[in-house]
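First the structure, in the form of structure tokens, and then the observations on it.
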Amino acid sequence: MEVVTKIAPIALALIMLGLGLGLTGKDFIRVINQPKDFLVGLICQLLILPIIAFILIKIFNTSLELALGVMIIASAPGGVTSNVLTKFANGDVALSISLTAIISLISILSVPFIVFMSADLLGASNISNEISMINISIKMFLVVTLPVALGMLIRKFATNFIISKTKLIQNISIFLFIIVFMAIWVEEWENIASYIVQAGVITLTLNIIMMTVGYYAGKFFASGIPQKKCISLECGLQNGTLAVFVASQLFNDVTFLIPTAAYALIMFLTSLIFVFIVRKTA
């Protein structure tokens with residue numbers, strides 16, 4: 001787990017820097033001008049996703065370590081890959097960017113709150129003795145908020161250069177994501193193999209349910225088909241690197257990382273299938 005602990009903060013900071021490089025003030029103003037679609041996505045991700053994850057933990061009678069790992073990935077914001085796949089699905093890319101950016105910034109408060117509250121409900125309140133909620137929020141601020149702000153600042157003063165490198169930045173972010181999870185699988189394969197079936201079943205169930213919830217929430221409450229596609233993908237694609245960072249800061253046991261490792265594989269498979277199915281729908 002030593003390699004993962006060292007590279008996860010660096011990879012996460014670089015991914016969030018890449019997110020910031022792609023943002024402008026319009027991405028935040030859009031939320032004020034068109035709040036309905038954003039609120040549907042926000043409620044699905046920040047409220048419904050953790051609740052469904054917790055219910056599944058109880059239904060599957062998941063062990064404490066895996067349960068907390070599931071809650072960490074469920075509390076994570078959407079990943080930057082959701083923006084790319086939303087584009088492939090002919091969804092609302094602007095909405096996807098706004099959701100990813102703003103929920104990522106909110107995550108420095110929402111993730112510690114959801115994880116620590118879940119720990120209390122699951123009878124593991126002693127994690128607060130190892131690291132405080134404020135402490136993890138500060139660490140997340142350093143690797144999430146600051147890089148995003150720095151990226152936006154760089155874009156402001158080098159707009160043309162950054163725009164010309166958008167695809168490269170996206171590819172680098174995806175590459176870093178892959179590196180983190182390859183490191184987990186290679187370094188901890190023996191430990192992962194012991195739990196992968198149990199973790200895989202619950203994370204697959206969570207992923208399919210949330211993509212379905214996002215799809216129908218978008219269908220009934222959002223503006224149209226592109227927004228429906230976007231919200232579904234945002235609900236199914238989480239920031240796995242952020243989840244790895246939080247888990248590695250809170251716990252020394254790799255078991256807590258296994259749901260994130262399983263979810264990372266599953267979410268790409270289900271999302272690619274989803275994109276293939278809905279891509280040609282109007």
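Just so you know, all these numbers are worked out from the coordinates, no wet-lab data involved. Here the structure is a predicted model, which is why all the values come from computation and not from measurement. Heads up, the Cβs are rebuilt from the backbone with ideal geometry, glycines too, and the neighbour counts pull from every protein chain shown.
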In debye, nearest 20: dipole of segment 2-278 around its Cα centre with unit charges on the Cβ of K, R (+) and D, E (-)? 1140 debye
Towards the positive end of the charge dipole of the chain, with charges on Cβ (+1 Lys, Arg; -1 Asp, Glu), say which of 186, 16, 240 has the farthest Cα. 16
Ranked list, fewest to most other Cβ atoms within 10 Å of each Cβ, for 263, 215: 215, 263
Helix 146-157: inclination vs the chain longest Cα principal axis, degrees, rounded to 10, gives 20 degrees
Starting from the amide H of residue 238, placed 1.01 Å from N in the peptide plane, find each other amide H under 5 Å away whose residue is 5 or more places distant or on another chain. 79
Can you tell me the 0 to 90 degree angle between the C-alpha axis of helix 64-75 and the longest principal axis of the chain, rounded to 10? 10 degrees
Once Lys and Arg are counted +1 and Asp and Glu -1 for all other residues with Cβ under 14 Å from that of residue 123, the total becomes -1
To the nearest 10 degrees, how steeply does helix 93-121 sit against the main Cα axis of the chain, on a 0 to 90 scale? 20 degrees
Taking Rg and Dmax of the Cα atoms in Å straight from the coordinates, which label in (1) 17.9, 57; (2) 20.8, 69; (3) 17.6, 53 is the correct one? (3)
